1. Assigning unit charges at the beta carbon (Lys, Arg +1; Asp, Glu -1) and nothing else, what dipole magnitude in debye, to the nearest 20, does segment 255-330 show about its Cα centre?
2. Please figure out what share of the DSSP beta bridges in the chain is antiparallel and state it in percent, rounded to the nearest 5.
3. Sorted from fewest to most neighbouring beta carbons within 10 Å, what does the list L307, L263 look like?
4. Test of understanding: ordering R247, R72 by Cβ neighbours within 10 Å, fewest first, what list do you get?
5. Sort M150, M264 so the one with the fewest other Cβ atoms within 10 Å of its own Cβ comes first.
6. With the chain treated as a Gaussian network of Cα nodes joined by springs under 10 Å, which of P174, P249, P124 yields the largest mean-square fluctuation?
7. Using only Cα atoms, find the angle between the long axis of helix 270-285 and the longest principal axis of the chain, and express it within 0 to 90 degrees, rounded to the nearest 10.
8. Please compare each pair in K199/K300; K199/K311; K166/K300; K82/K300; K82/K286; K166/K311 to a cut-off of 24 Å on the Cα-Cα distance and tell me which ones are over it.
Amino acid sequence: MRRREFIAALGGAAAWPLVARAQQPSQVRHIGLLLGVAEEQDPESQARIEAFRSGLAALGWIEGQNIKIDYRFGGGDADRIKTYATELVNSGPDLIVANSTPAVAALKRATQTIPVVFAVVSDPVGQGLIANLAHPGGNITGFTLIDFEMVGKWYEMLKEMTPGIKRAMLIFNPETAPDYPTYLRELAAISADRIVGLKAAPVHDRAGLQAAVTALASGADGGLITAADAFTVAHRALIMSLAEQYRVPAIYQFRRFAVEGGLMSYGPDTADIFRRSAAYVDRILKGATPTDLPAQAPTKFELVINLKTAKAIGLQVPPQLLARADEVIE
């Protein structure tokens, strides 16, 4: 420390010695972070982690100073996620932050006492993770991913991008998207109400994925909607290459799809969700309980359009859609 800074600090300590001591943390607090579908070197995973650290730092929690974070990356592997959930619980943390339904479900089975804050999880009530959004109950609360009415918005954006669309397919893997029954209910509701030709396409492997997109491409009036689950994220390169090969307009949930070559994406800003989750970590470390903290929905959404891909499949992006985009990739 420089002499001038030392003198200033010493003067402050002399003025309020008891208060200063009281404000020092008695111990380093310990939290776990379990990312269910992410890989350690994945750029989006790192963006979420940095947003989370930034949110903590803004509240006075600095990693390596007054807080320790143990990281686990599940990579979409159900067995690995369960193992890591058990490891984190056994390490006795003050709380655990978890991403993805399988990760939170594994923690729910592993502990009923350690607070759990989830981030980017769909339909936590329908999955039985919490009692309800306003009063979660138990030891779990957090920040949700989407309202399932998003399915209708995705279709409408596809229709705006390509007015000639008459059929659309919502693709997902039931094994890695345990919230798919809610997708199906929403699909049935909006199809009966205002959309004709919107169908569910459950797939279980790469062969099924290829067959589904090939079948959709058999006509010239089809569009693709990809629900974000561990399977579709892991196989995003195949999905996007098939869509481009068959010149099928497609919309995805996460920004990374459009950045990596997908036509467009619309969904919550997941880094922002992780940043906001830091506020609940702060409140719990200061004495709040998860049951006191209502589960919250996303507040920030982003539309990303890839003009290069649009050109490759022969589409002219409508000016009004382009004007609404938060990011345009050229």
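No lab work stands behind these numbers, since they all come straight from the coordinates. None of these values were measured; they are calculated from a predicted model. Here the Cβ positions follow ideal geometry from the backbone for every residue, glycine too, while neighbour counts run over all protein chains shown.
1. On the way: 10 positive and 9 negative charges, 6 e Å.
Computed about the Cα centre, the dipole is about 40 debye.
2. Values: 5 of 46 bridges.
Around 10 percent antiparallel, to the nearest 5.
3. Details: L307 17, L263 30.
Fewest-to-most ranking of L307, L263: L307, L263.
4. Working: R247 12, R72 22.
Listed from fewest to most nearby Cβ atoms, that is R247, R72.
5. Values: M150 21, M264 27.
Ranked by crowding around the Cβ, least crowded first: M150, M264.
6. Top of the fluctuation ranking is P174.
7. With both axes taken from Cα atoms, the answer is about 30 degrees.
8. Details: K199/K300 28 Å; K199/K311 27 Å; K166/K300 30 Å; K82/K300 31 Å; K82/K286 28 Å; K166/K311 21 Å.
Listed pairs above 24 Å: K199/K300; K199/K311; K166/K300; K82/K300; K82/K286.
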